[in-house]
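Colleague: Sharing a structure below in structure tokens format, with a few things to ask.
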Amino acid sequence: MSRIQNTFAALRESGRKALIPFLTAGDPTAEFTVPCMHAMVAAGADIIELGIPFSDPMADGPVIQRASERALAHKMSLRKTLALVEAFRRTDTVTPVVLMGYLNPIESLGYRTFVERAREVGVDGALTVDLPPEESGELLPLMLEAGLDPIFLLAPNSGPERVQEMSDLGRGYLYYVSLKGVTGASNLDLDDVERRIRAIKEISSLPVGVGFGVKNAEMAGTIARFADAVVVGSALVSQIEAFQDSPDQAQAQIVDILRAMREAMDASAARDA
Amino acid sequence: MTLIKDSGRVSGPYNLPDERGHFGPYGGIFVAETLMEPLTELRAAYERYRTDPDFIAELDHDLKHYVGRPSPVYHAARLSREVGGAQIYLKREDLNHTGAHKVNNTVGQALLARRMNKPRIIAETGAGQHGVATATVAARLGLKCIVYMGAVDVERQSLNVYRMKLLGAEVVPVESGSRTLKDALNEALRDWVTHVDDTFYIIGTVAGPHPYPAMVRDFQSVIGREAKQQMRELTGRLPDALVACVGGGSNAIGLFHPFIDDGEVAMYGVEAAGDGIETGRHSAPLSAGRPGVLHGNRTYLMEDEDGEIIETHSISAGLDYPGVGPEHAWLKDSGRATYVGITDAQAMEGFHTLTLTEGIIPALESSHAVAYAIQLAATMRPDQQILVNLSGRGDKDINTIATREGIRL
């Protein structure tokens with residue numbers, strides 16, 4: 001079993017849902033990332049999504065765009081992102097790490113080099129925002145062969161056939177984009193999200209996470225009632241932006257938000273149990 | 001990754017892209033999931049209407065009576081004499097309504113938007129020509145229009161910004177990234193993802209996810225279809241060479257495409273070499289870039305060793321883009337077309353030469369094609385012919401040119 005499968009199995013056993021924080025590698029500095037990942041785990045994170053900075057993050061809202069810009073300003077790259085995972089793995093061999101980003105840095109490094117290096121350093125999965133199943137014929141087999149879980153995005157307008165396709169091709173979990181929009185948008189209709197998640201779970205047996213627009217503990221708690229995982233990105237990254245000159249403070253804010261989310265998610269799980 | 005190189009000459013008539021939008025290894029659909037459905041919807045609509053007699057009749061009518069087509073082919077006899085080589089002919093897209101070839105495509109896509117019942121139009125623009133052409137057709141059809149434009153371009157193309165506003169469009173300056181055309185494209189894609197239900201995204205060049213490269217090409221191919229017939233009427237045969245500037249590559253593909261199967265016609269795409277290819281300050285991905293994935297398609301890109309897109313440079317805002325249409329990538333690899341570079345300084349020289357010898361003030365984009373055609377003509381015989389796509393007129397560039405030459409207007 002993969003680390004991601006193990007994580008979801010253990011959570012199911014204890015009747016809890018996965019909390020998946022996102023941060024961009026190297027934002028605001030390379031030194032910030034690994035300690036922050038450890039602090040996230042201590043605050044209750046089950047899986048970490050680590051963003052590969054990209055110059056043209058077309059699916060991201062302004063908060064995560066600026067995170068990429070901050071990271072790129074000091075030459076963070078896919079290679080260096082992989083080195084950060086390697087450093088994280090020295091003291092944490094349990095928490096899954098999923099890389100999230102755009103295809104071009106991966107294509108530039110070379111598909112084969114990427115999967116080999118990712119496996120070596122202990123990456124568990126990769127979510128490539130602009131690589132739909134239609135174009136993944138070359139990368140996907142290499143990832144599966146290397147034991148890297150391909151994570152696919154599902155959108156509010158993905159029809160049942162596409163849900164089935166992603167479910168067949170994907171591993172680890174499915175990531176439901178909770179709204180038509182970019183990361184960090186604010187118009188989330190949770191009733192609609194719930195209906196959609198229930199429909200997806202009719203088709204797929206993979207765990208389903210919800211992300212894009214999860215802002216606070218209350219929302220996380222609500223989503224945990226019907227989804228298997230809550231992904232939170234912009235709400236955390238905006239703290240890094242607000243406190244970029246005092247990394248300790250940024251990390252403390254992130255830890256507070258994650259703790260509150262963890263608590264709310266566990267409480268709603270306990271209520272339903 | 002390995003790029004499969006097919007043999008250069010396709011057997012049988014040229015019929016790319018394939019049904020999934022691939023030109024060999026280039027093109028395709030590289031977008032986030034939320035855009036897959038609207039792209040499928042667009043593909044279906046385009047497939048339906050491209051052969052629909054009513055649609056074609058309305059498009060032809062608009063191209064004739066609103067755009068002013070056919071645009072003439074003009075024999076630049078005095079310029080040709082000065083150069084002393086091949087005869088240079090100009091396809092006068094600068095005489096179109098709004099002053100450039102861009103309107104051929106926006107007229108077509110706007111008709112499609114109306115048939116798809118999308119009341120809201122978005123577009124990205126660099127020099128502002130595509131933005132103006134989009135705002136123009138949106139005004140005519142009563143559609144709401146939002147144009148994304150890099151903040152740097154808003155600054156250097158203030159005339160076109162004002163034109164768009166006069167036409168009722170909202171111009172949104174984009175402050176992210178390098179604040180130029182590529183960032184305007186990112187922002188337009190973000191808008192589209194957020195408003196997929198009521199919004200039609202009019203992409204201005206032959207790039208982006210399938211079906212855009214093929215659709216924009218088809219709308220622009222009116223240039224080459226007319227030119228083929230006009231050259232036969234004027235000279236009794238096809239030209240020996242075609243020359244067009246390439247940013248995203250829409251005017252070039254529009255001219256080239258109807259000639260692809262005419263192997264005796266050479267095709268030259270002219271990229272912006274900026275300060276010179278060797279300086280790294282240019283916008284010439286086909287000459288000096290490598291294949292990668294950006295803005296929904298695989299093509300040649302200007303990128304660094306980590307796969308990050310790098311800033312481009314050109315005197316001409318319309319050529320200032322780090323990618324290029326995937327069909328050009330394919331035409332380059334297959335050897336069917338040749339891509340060359342013209343520097344800012346050479347383009348300026350071409351601009352002045354054409355203005356002084358023929359009384360035609362070309363856009364800075366088109367000046368790149370003119371400059372290369374002059375070089376090429378000098379190597380050819382006087383009984384040979386070069387057809388240059390004069391894709392736009394230069395009025396919009398007067399301020400840029402005056403500033404560069406130290407003149408205050």
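The values are calculated or read from the model by the stated rules, or taken from the named source; none is laboratory data. Note that the coordinates shown come from a computational prediction; the quantities given were computed from them, not determined experimentally. Quick reminder, even Gly has a Cβ in these numbers, built from the backbone with ideal geometry, and neighbours come from all protein chains shown. Accessible surface is based on the protein model in full, side chains and every heavy atom, while ligands, DNA and RNA are left aside. Shrake-Rupley method; radii C 1.70, N 1.55, O 1.52, S 1.80 Å.
Colleague: So, in the range B:172-227, of the ones that are among the β-branched types (Val, Ile, Thr) and part of a loop (DSSP other than H, G, I, E, B), which residue ends up surrounded by the fewest Cβ atoms within 10 Å (Cβ to Cβ)? Don't jump to the end; show me each part of the working.
Modeller: Quick first cut of the range B:172-227, residues among the β-branched types (Val, Ile, Thr) only: B:172, B:174, B:180, B:193-194, B:196, B:199, B:202-203, B:205-206, B:216, B:222-223.
Remaining after also requiring part of a loop (DSSP other than H, G, I, E, B): B:180, B:196, B:202-203, B:205-206.
Numbers: B:Thr180: 24, B:Val196: 21, B:Ile202: 28, B:Ile203: 27, B:Thr205: 31, B:Val206: 32.
So, considering only residues that are among the β-branched types (Val, Ile, Thr) and part of a loop (DSSP other than H, G, I, E, B), the one surrounded by the fewest Cβ atoms within 10 Å (Cβ to Cβ) is B:Val196.
Colleague: Here's a follow-up. Kindly state which helices (runs of 4 or more DSSP H) lie completely within the range B:1-111 and contain at least 2 residues that are of a type in the set (S, T, N, Q) and free of Cβ contacts under 8 Å to residues at least 12 places away in the same chain. Give the derivation first.
Modeller: Details: elements: B:36-49, B:53-62, B:77-83.
Per the criteria, no element qualifies.
Colleague: Run down B:Glu271, B:Glu264, B:Glu327 and say which single residue is away from chain A (no Cβ under 12 Å), of a type in the set (Asp, Glu) and assigned to a strand (DSSP E or B).
Modeller: Working: B:Glu264 fails: assigned to a strand (DSSP E or B); B:Glu327 fails: assigned to a strand (DSSP E or B).
Just one listed residue meets the conditions, B:Glu271.
Colleague: Given the condition free of Cβ contacts under 8 Å to residues at least 24 places away in the same chain and more than 9 Å from every other protein chain (Cβ to nearest Cβ), answer yes or no: does some residue in the range A:121-136 qualify?
Modeller: no
Colleague: Here's another thing I want to ask about it. Enumerate the pairs (first residue in the range B:355-381 and closer than 17 Å to B:Thr400 by Cα and assigned by TED's automatic domain parsing to the domain that holds B:Tyr268; second residue anywhere and open to solvent by 40 Å² or more (accessible area, probe 1.4 Å) and modelled with pLDDT of 95 or more) with beta-carbon separation below 8 Å, excluding pairs fewer than 6 apart on the same chain, so at least 6 apart or on different chains.
Modeller: B:Thr355/B:Ile361; B:Ile361/B:Arg393; B:Pro362/B:Arg393; B:Ala363/B:Arg393; B:His368/B:Gln346
Colleague: Limited to the range A:221-246, what total is found for residues that are open to solvent by 50 Å² or more (accessible area, probe 1.4 Å) and touching a Ser or Thr at 6+ places or on another chain (Cβ under 7 Å)? Don't jump to the end; show me each part of the working.
Modeller: So in the range A:221-246, the residues open to solvent by 50 Å² or more (accessible area, probe 1.4 Å) come out as A:225, A:242-245.
The next check asks that each one be touching a Ser or Thr at 6+ places or on another chain (Cβ under 7 Å); those that pass are A:225.
Of the residues in that region, 1 qualify.
Colleague: Could I ask something else about it? Please determine whether any residue of the range B:202-216 is over 28 Å from B:Gln346 (Cβ atoms), among the β-branched types (Val, Ile, Thr) and not assigned by TED's automatic domain parsing to the domain that holds B:Ala329. Give the steps one after another, and end with the answer.
Modeller: We begin by selecting, within the range B:202-216, every residue over 28 Å from B:Gln346 (Cβ atoms); these are B:202-203, B:208-215.
Adding the requirement that they be among the β-branched types (Val, Ile, Thr) leaves B:202-203.
Of the ones still in play, those that are also not assigned by TED's automatic domain parsing to the domain that holds B:Ala329 are B:202-203.
The answer is yes, given that some residue of the range B:202-216 is over 28 Å from B:Gln346 (Cβ atoms), among the β-branched types (Val, Ile, Thr) and not assigned by TED's automatic domain parsing to the domain that holds B:Ala329.
Colleague: Every residue in the range B:120-156 that is in contact with a His (Cβ under 9 Å, 6 or more places away or on another chain), not in a strand (DSSP E or B) and not hydrophobic (A, V, I, L, M, F, W, C), please. Full working, then the answer.
Modeller: Of the residues in the range B:120-156, the ones in contact with a His (Cβ under 9 Å, 6 or more places away or on another chain) are B:120, B:122-124, B:129, B:133, B:136, B:147.
If we keep only those that are not in a strand (DSSP E or B) too, we end up with B:129, B:133, B:136.
Matches in the range B:120-156: B:Gln129, B:Thr136.
One line per residue, one yes/no per condition, for (1) under 14 Å from A:Phe54 (Cβ atoms); (2) part of a helix (DSSP H, G or I); (3) charged (D, E, K, R):
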site: A:Val98; (1), (2), (3): no, no, no
site: A:Glu116; (1), (2), (3): no, yes, yes
site: A:Arg119; (1), (2), (3): no, yes, yes
site: A:Val123; (1), (2), (3): no, no, no
site: A:Leu127; (1), (2), (3): yes, no, no
site: A:Glu134; (1), (2), (3): no, yes, yes
site: A:Gly137; (1), (2), (3): no, no, no
site: A:Leu140; (1), (2), (3): no, yes, no
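Colleague: So, in the range A:31-82, of the ones that are among the acidic types (Asp, Glu) and under 24 Å from B:Glu305 (Cβ atoms), which residue ends up nearest to the chain's Cα centre (by Cα)? Spell out the reasoning first.
Modeller: Of the range A:31-82, the ones among the acidic types (Asp, Glu) are A:31, A:46, A:49, A:56, A:60, A:69.
Retained after the next criterion (residues that are under 24 Å from B:Glu305 (Cβ atoms)): A:31, A:56, A:60, A:69.
Numbers: A:Glu31: 20, A:Asp56: 19, A:Asp60: 13, A:Glu69: 19 Å.
Out of the qualifying residues, it is A:Asp60.
Colleague: To continue, here is another question. When the residues of the range A:150-177 are narrowed to those that are outside any helix (DSSP H, G or I) and more than 22 Å from A:Asp60 (Cβ to Cβ), which ends up most open to solvent (accessible area, probe 1.4 Å)?
Modeller: Just the residues of the range A:150-177 that are outside any helix (DSSP H, G or I), to begin with: A:150-159, A:170-177.
From what's left, more than 22 Å from A:Asp60 (Cβ to Cβ): A:159, A:171.
Numbers: A:Gly159: 22, A:Arg171: 96 Å².
Of everything passing the filter in the range A:150-177, A:Arg171 is most open to solvent (accessible area, probe 1.4 Å).
Colleague: Can you name the number of the only condition in (1) away from chain A (no Cβ under 14 Å); (2) surrounded by fewer than 24 Cβ atoms within 10 Å (Cβ to Cβ) that B:Ile310 fails?
Modeller: Of (1) away from chain A (no Cβ under 14 Å); (2) surrounded by fewer than 24 Cβ atoms within 10 Å (Cβ to Cβ), only one is false for B:Ile310: (1).
Colleague: Going by the structure shown, is A:Val94 more than 8 Å from chain B (Cβ to nearest Cβ), in contact with a Lys or Arg (Cβ under 9 Å, 6 or more places away or on another chain), open to solvent by 10 Å² or more (accessible area, probe 1.4 Å) and more than 22 Å from B:Gly323 (Cα to Cα)? Before the answer, list the steps.
Modeller: Values: more than 8 Å from chain B (Cβ to nearest Cβ): yes; in contact with a Lys or Arg (Cβ under 9 Å, 6 or more places away or on another chain): yes; open to solvent by 10 Å² or more (accessible area, probe 1.4 Å): yes; more than 22 Å from B:Gly323 (Cα to Cα): yes.
Here the answer is yes, as A:Val94 does meet what is asked.
Colleague: Please verify whether the range B:283-298 includes one or more residues that are assigned to a strand (DSSP E or B) and more than 12 Å from chain A (Cβ to nearest Cβ).
Modeller: As a first pass, look at the range B:283-298 and keep what is assigned to a strand (DSSP E or B): B:283, B:290-294, B:296-298.
Now restrict to residues that are more than 12 Å from chain A (Cβ to nearest Cβ): B:283.
Yes, the range B:283-298 has at least one match.
Colleague: Let me ask something else. Give me the residue from the range B:112-136 that is more than 15 Å from the chain's Cα centre (by Cα), free of Cβ contacts under 8 Å to residues at least 40 places away in the same chain and crowded, with 24+ Cβ neighbours inside 10 Å and, out of that set, farthest from B:Val147 (Cα to Cα).
Modeller: Filtering the range B:112-136 down to residues more than 15 Å from the chain's Cα centre (by Cα) leaves B:112-122, B:135-136.
In the following step, the residues that additionally are free of Cβ contacts under 8 Å to residues at least 40 places away in the same chain were identified as B:114, B:117, B:135-136.
So of that shortlist, the ones also crowded, with 24+ Cβ neighbours inside 10 Å come out as B:135-136.
Working: B:Ala135: 8, B:Thr136: 12 Å.
Filtering the range B:112-136 for residues that are more than 15 Å from the chain's Cα centre (by Cα), free of Cβ contacts under 8 Å to residues at least 40 places away in the same chain and crowded, with 24+ Cβ neighbours inside 10 Å, the one farthest from B:Val147 (Cα to Cα) comes out as B:Thr136.
Colleague: Continuing with the same structure: List every residue pair whose Cβ atoms lie under 8 Å apart, where the two residues are 6 or more positions apart in sequence or sit on different chains, the first residue falls within the range B:269-285 and is at positive phi, and the second residue, located anywhere, is open to solvent by 40 Å² or more (accessible area, probe 1.4 Å) and part of a loop (DSSP other than H, G, I, E, B).
Modeller: Taking only residues 6 or more apart or on different chains, the pairs are B:Gly274/B:His313.
Colleague: Name the one entry in A:Arg112, A:Arg162, A:Arg117 that is among the basic types (Lys, Arg), within 13 Å of another protein chain (Cβ to nearest Cβ) and closer than 22 Å to A:Ser2 by Cα. Don't jump to the end; show me each part of the working.
Modeller: Working: A:Arg162 fails: closer than 22 Å to A:Ser2 by Cα; A:Arg117 fails: within 13 Å of another protein chain (Cβ to nearest Cβ).
Sole residue among the options that is among the basic types (Lys, Arg), within 13 Å of another protein chain (Cβ to nearest Cβ) and closer than 22 Å to A:Ser2 by Cα: A:Arg112.
Colleague: Can you name the residue in the range A:137-159 that is free of Cβ contacts under 8 Å to residues at least 60 places away in the same chain and among the small types (Gly, Ala, Ser) and, of all such residues, is nearest to the other protein chains (Cβ to nearest Cβ)? Full working, then the answer.
Modeller: Just the residues of the range A:137-159 that are free of Cβ contacts under 8 Å to residues at least 60 places away in the same chain, to begin with: A:137-146, A:148, A:150-159.
Narrowing the set further to residues that are among the small types (Gly, Ala, Ser) leaves A:137, A:146, A:155, A:158-159.
Numbers: A:Gly137: 11, A:Ala146: 15, A:Ala155: 4, A:Ser158: 6, A:Gly159: 7 Å.
Per the stated criteria, the residue is A:Ala155.
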